[in-house]
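The structure under discussion appears below in the form of structure tokens.
Bear in mind these aren't lab numbers, they're just calculated from the coordinates by the rules spelled out. Predicted model only: the values in this text are computed from it and were never measured. We place every Cβ from the backbone using ideal geometry, glycine too, and count neighbours over all the protein chains shown.
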Amino acid sequence: MPNTMSKNRYVINTTLEGFVNVYKPSGKFNNCSFSFRMSDKEVEQAEKDREELLTWAKSKVDNPKRMNINRSKWDEEGLVSYSYLGETKRVEPVFIDSEGDLIDREVLKTLRAGTKVKLIVQQTPYTKPALGTTLKVHGIQVIKLATGNGAGDSGSLSVDDVKDLFGTTEGYKQSSPAVVQEPTDNAPCSVEENYDF
């Protein structure tokens, strides 16, 4: 079994929600985006880590009492809206299937809400313009493909690092796809807006 957690890094089993665009930057904010939900246990750990990270960040500024502290990147229900590429300047996560093989870019065009995934998420602190923490998604392993797939750059994690952290699991395989059309109430991509959080 691969190491699933290190300091401030989480492997989250979840389902993509809301507006999902993982193919190429577009929309009002010229980015790619999706939402996912963390479990109560994952939120509890992330909150604990956030307190430690904010303590560290406060030690790096001259007058921490005068600094504003931004809210967490998850809401009270554990929902995270994540965006990358385009104007965000965040790198694209690595997309792999359940056997650790990179997913073709053409499949990304149709990946939508309802896709079951494992995510490698890193929480990191920042000190400007205010104090806070952010979440960076380094890797996405597609377990059940609702309608598509893709591949990209993991930032500080290589493709092999992402594959090692995820390991293999039962589910979607690019070599033998079994795509499922999930019913959604989502409007077409051209109607919805992306929000950069």
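Sorting L79, L54, L145, L119 from the fewest to the most surrounding beta carbons within 10 angstrom yields L79, L54, L119, L145. In the structure shown, do any of K60/K89; K73/K136; K41/K73 have a Cα-Cα gap over 18 Å, and if so which? In this structure, K60/K89 lie more than 18 Å apart at Cα. Stretched out straight at 0.36 nm per residue, the stretch from K48 to T15 would grow longer than its current Cα-Cα span by 9.5 nm. Here the scattering of the stretch 9-166 is modelled by Debye summation over its C-alpha atoms, one equal scatterer each and no solvent; at q = 0.11, 0.15, 0.17 Å⁻¹ the log10 of I(q)/I(0) is -0.44, -0.80, -1.00. Farthest towards the positive end of the charge dipole of the stretch 9-166, among the residues A146, S83, V94, is the Cα of S83, using unit charges on the Cβ of Lys, Arg, Asp and Glu. Counted by Cβ distance under 12 Å from T127, the other residues give a net charge of +2, where Lys and Arg count +1 and Asp and Glu count -1.
Per-residue 3J(HN,Hα) values for the stretch 10-25, derived from phi via the Karplus relation 6.51 cos²θ - 1.76 cosθ + 1.60 with θ = phi - 60°, read 10, 10, 10, 8, 7, 10, 5, 10, x, 6, 10, 9, 10, 8, 7, x Hz in sequence order (x marks Gly and Pro).
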